[in-house]
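Asker: Take this structure first; my questions come after.
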Amino acid sequence: MCTIRPYKESDASALWAIYFHTVRHINIRDYSQAQVAAWAPQSFDVAVWRQKMSEISPFVAEIDDQIVGYADLQLSGLIDHFFCHHQYQGQGIGRALMAHIFAVGRSQGIRRYYSHVSITARPFFERFGFKVVTTQQVGVRGQTLTNFVMEKIESIDE
């Protein structure tokens, strides 16, 4: 059973591990080795990562007290991070996180959700009604990565 809870500062290193291994093991399907190495470098500044996680204040998914994913929702409707542990993909964690995002969004009056979505995650976001607004090329540590600005606009009666 997947449970979703608020972020705690002590989660930062576990979230880095999920980010790193998901990019390196899952996104490698759609990006080159050089691209994933730039996106999720071996060395990183722990303080910068902790600051980023504190700023976005993600929701944390757990199964049996193991962190298996995380995602955030900003007041603007931006989903900045959305990652599921590479060994737990296809087990409903992403679905649980997205349901949580939509529930929180409804309570905050958010009608437009948007994200910068990888090639790999695009089909997942499309299953939840997100549409591609634009394709973009993003420079990351000397590499150019393709991703998509995607959005979902909920009607008032949803």
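Asker: Can you work out the Karplus-derived ³J(HN,Hα) for every residue in segment 30-38? Use 6.51 cos²θ - 1.76 cosθ + 1.60 with θ = phi - 60°, whole Hz, and x for glycine or proline.
Answerer: Calculated HN-Hα couplings, in order: 10, 10, 6, 4, 5, 5, 5, 5, 6 Hz.
Asker: What are the radius of gyration and Dmax of segment 1-100, computed over its Cα atoms and given in Å?
Answerer: Rg then Dmax for segment 1-100, in Å: 13.1, 36.
Asker: Between rounded, prolate and oblate, where does segment 66-133 land on the alpha carbon gyration tensor, with a ≥ b ≥ c its root eigenvalues, rounded for a/c under 1.5, else prolate if a/b exceeds b/c?
Answerer: In terms of gyration-tensor shape, oblate.
Asker: Let me ask another. From the square roots a ≥ b ≥ c of the eigenvalues of the alpha-carbon gyration tensor of segment 22-158, which class results: rounded (a/c under 1.5), prolate (a/b over b/c), or oblate?
Answerer: On the way: a/c = 1.57, a/b = 1.29, b/c = 1.21.
It comes out prolate by the Cα gyration axes.
Asker: Could you work out the relative contact order of the chain? I mean the mean sequence separation of Cα pairs under 8 Å and 6+ apart, divided by the number of residues, in percent.
Answerer: With pairs under 8 Å counted, the relative contact order is 23 percent.
Asker: Give me the percent of the accessible area of segment 39-148 that comes from carbon and sulfur atoms, probe 1.4 Å, all protein chains in place.
Answerer: 47 percent
Asker: Using only DSSP helix segments of four residues or longer, with each worth -39500 (n - 2.57), what per-residue ellipticity at 222 nm results for the chain after dividing by its residue count and rounding to 500?
Answerer: Rounded to the nearest 500, it is -10000 deg cm²/dmol.
Asker: Lys52: which lysines have alpha carbons under 21 Å from its alpha carbon, excluding same-chain residues fewer than 8 sequence positions away?
Answerer: Straight-line reach from Lys52, under 21 Å: Lys8.
Asker: I'd like to check one number: the per residue accessible area of the chain, probe 1.4 Å, reported in Å² as a whole number.
Answerer: For the chain, the solvent-accessible area averages 52 Å² per residue.
Asker: Sort Val138, Val48 by heavy-atom solvent-accessible area, probe 1.4 angstrom, most to least.
Answerer: Val48, Val138
Asker: Something else: Less than 14 Å from a label point 7 Å out along the Cα-to-Cβ axis of Arg112: which backbone N atoms in segment 63-81 qualify, by residue?
Answerer: Backbone N within reach: 75-79.
The values are calculated or read from the model by the stated rules, or taken from the named source; none is laboratory data. Small disclaimer: the values here were computed from a predicted structure and weren't measured. Cβ atoms come from the backbone with ideal geometry, glycine included; neighbour counts cover every protein chain shown. The accessibility values were calculated without ligands, DNA or RNA, using every heavy atom of the protein model including side chains. Shrake-Rupley method; radii C 1.70, N 1.55, O 1.52, S 1.80 Å.
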